[in-house]
Each structure stands twice: as structure tokens, then as C-alpha cells.
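What follows is a single structure, written as C-alpha cells, with notes after it.
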Ligand code: FPP
């Protein structure tokens with residue numbers, strides 16, 4: 001049961017926003033492109049890494065809020081395959097912050113019944129990072145609440161290529177190299193196999209790009225862009241994104257039933 005007191009203090013903006021949310025139509029899976037850490041730091045004359053450090057507070061608030069709202073899945077884009085191009089010090093700090101987060105927040109993940117799973121080319125990360133990730137994943141494996149996926153050394157194209165290779169290996173192994181696969185079979189071998197696709201993709205800092213994130217999975221996601229820089233992103237912004245999502249008309253390529261009569265088939269009969 002959703003505990004409203006843990007989501008909004010009485011009389012706050014958060015409470016007003018929460019009242020606007022239809023709790024029966026929550027997105028099942030929210031994916032987030034956390035952007036703007038560097039600009040947040042720059043605007044304060046701080047080194048870029050301070051933006052990442054400040055971004056951890058947003059990660060904590062968003063993940064805990066998602067758990068309290070009883071969402072099924074949240075996926076955060078923390079480090080892309082392209083992010084290795086950043087200065088060595090910035091990459092090292094990001095990895096250090098990740099390890100620190102996992103160590104400090106494991107108790108909170110457990111308290112909130114959150115299952116933690118990293119996705120991406122995890123084998124390409126430093127062994128010390130892999131160890132922390134594995135530990136957090138194992139410790140939270142039996143939790144039954146929110147699934148918190150963190151995308152690390154992740155690329156949407158890399159995932160598709162990895163999936164193609166995985167599928168080809170599997171078919172060779174089963175001596176079915178000539179088989180024709182379908183979308184479902186392909187999905188079942190993505191990093192996110194068995195996880196519903198995101199219904200809502202949030203991007204902060206106002207940029208209108210998907211940046212190689214969950215390319216296959218966001219096919220029908222609603223996109224919400226907020227100008228707020230990631231370190232300033234708070235619960236209220238998540239509520240705003242959900243309200244925006246619930247105002248969308250999701251048709252998946254079809255038309256509204258009420259509009260179906262507006263189309264006339266080639267033979268002149270109404271469709
Ligand atoms: C994008 O901002 C942000 C990242 C590349 C990293 C996001 C990482 C964190 C919030 C901290 C670590 C995460 C966890 C889960 C512990 P940017 O640097 O590209 O910002 P800019 O576009 O303003 O330069």
C-alpha cells in the first residue's frame with residue numbers, strides 16, 4: 001500500500017502534485033537520462049566532478065520515491081560507452097562515487113525492498129567496481145519491490161550488437177543457425193530481458209536527444225524533458241513528469257476508437 005505521508009508533507013507543492021497523479025495509471029517503468037551535472041558545477045565555479053557528487057542526492061531521492069510509489073522498474077543512465085572519452089580524473093571520480101553510493105545506500109535499498117541490477121558491458125569496468133556491483137546485486141536479489149537498473153558502460157547500439165551475437169551463438173549451439181527470429185525472441189535476449197519496456201523516458205537539462213539509451217526499449221516510450229539540471233532534480237520533478245505522462249494519449253500506432261469512424265475505406269465504406 002502506498003504510504004502518502006512518505007511521499008509528501010502536508011501543505012507542500014509535492015502534496016498538490018501528488019493529488020494530481022492517478023495512482024492506478026502509473027508508468028510501470030521509468031527510464032532517466034541524468035544530464036546537466038557539468039553545467040550545474042560550472043555555474044557554481046566548481047569542478048565538473050562536484051556536479052556528479054551533487055547528483056547522487058537526486059539519485060537517492062528519485063529511487064526512493066519510485067519505490068514508495070510502488071513503480072515496478074526505474075532505469076538510470078549513469079555511464080555510457082562513450083563516457084570513457086571524458087578526462088581520466090572525471091571517469092575515476094564517477095566510478096568512485098558509484099562504489100561509495102553502493103556501500104552507503106545498500107541498507108536503504110534493503111529497507112525499501114529494492115532489487116538492484118546493473119546493465120551494460122559490466123565486464124569492461126574496473127574489477128573493484130564489478131565487485132561492488134555484484135555484491136549489491138546479490139544482496140538485493142530476493143527483494144520483491146522496485147527493480148532499480150543502473151546502466152553502466154552502456155550503449156543502446158552496443159546492446160543491440162551484443163544481443164545479435166548472443167542470439168547467433170544460441171542458434172548455433174542449438175544447431176538452428178538458419179532459424180528466423182521474431183521481435184519477442186530478440187527482446188528476450190536483451191540486457192533487459194523479461195523487463196517491461198519504459199513507458200516514460202525522462203531527460204534533464206533540456207536536451208532533446210536520446211543519447212544511445214535503451215534504443216530498442218523506448219520504441220513507444222513517452223518522452224518528458226525537464227530543463228532542470230540533474231543535481232537539482234527532486235521528487236516534485238518526478239511527480240511533474242508522471243502528470244505529463246498521464247496527460248498523453250498513447251496509441252501505439254493505432255487511432256482512438258472515437259476517431260475510427262472518421263476514416264473511409266477505399267471502397268467508400270466507413271472503417
Ligand atoms: C551527465 O551530466 C551525467 C553523467 C554522465 C553521470 C551521471 C552520474 C551521476 C549522477 C553520479 C553517479 C551515479 C550513481 C548512480 C551513483 P554531464 O556531465 O554530461 O553534464 P553536462 O552536459 O552539463 O556536462
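Find the relative contact order for the chain and round it to a whole percent, using C-alpha pairs within less than 8 Å whose residues are 6+ positions apart.
Reported relative contact order: 26 percent.
Hey, fewest Cβ within 10 Å first, where do 225, 129 land in order?
If I rank by nearby Cβ atoms, fewest first, I get 225, 129.
Can you tell me how the stretch 160-220 classifies by the Cα gyration tensor, rounded, prolate or oblate, using a/c under 1.5 as the rounded cut?
It comes out prolate by the Cα gyration axes.
Counting other beta carbons within 10 Å of each Cβ, put 188, 182 in order, fewest first.
Going from least to most buried by this count: 182, 188.
Could you tell me what % of all Cα pairs in the chain have separations over 33 Å?
Tail fraction, whole percent: 27.
Kindly put 252, 89 in sequence by how many other C-beta atoms sit within 10 Å of each C-beta, fewest to most.
252, 89
Out of all DSSP beta bridges with both ends in the chain, state the antiparallel percent to the nearest 5.
Around 5 percent antiparallel, to the nearest 5.
Roughly how many Å is it from the Cα centre of the stretch 1-16 to that of the stretch 38-71, as a whole number?
Going from one Cα centre to the other spans 21 Å.
Defining a contact as two alpha carbons under 8 Å apart and six or more residues distant in sequence, what relative contact order in percent does the stretch 59-201 show?
30
Only Cα pairs within less than 10 Å get springs; with that Gaussian network setup on the chain, which residue of 174, 166, 53 has the largest fluctuation?
174
So, in Å, what gap is there between the alpha-carbon centers of the stretch 135-153 and the stretch 92-133?
Spelled out, the Cα-based centre of one part sits 9 Å from the other.
Computed from the coordinates by the stated procedures, all read-outs in this text should not be read as laboratory data. Quantities reported herein were computed from a predicted structural model and do not represent experimental measurements. Methodologically, a virtual Cβ is constructed for each residue, glycine included, from the backbone with ideal geometry; neighbour enumeration extends over all protein chains shown.
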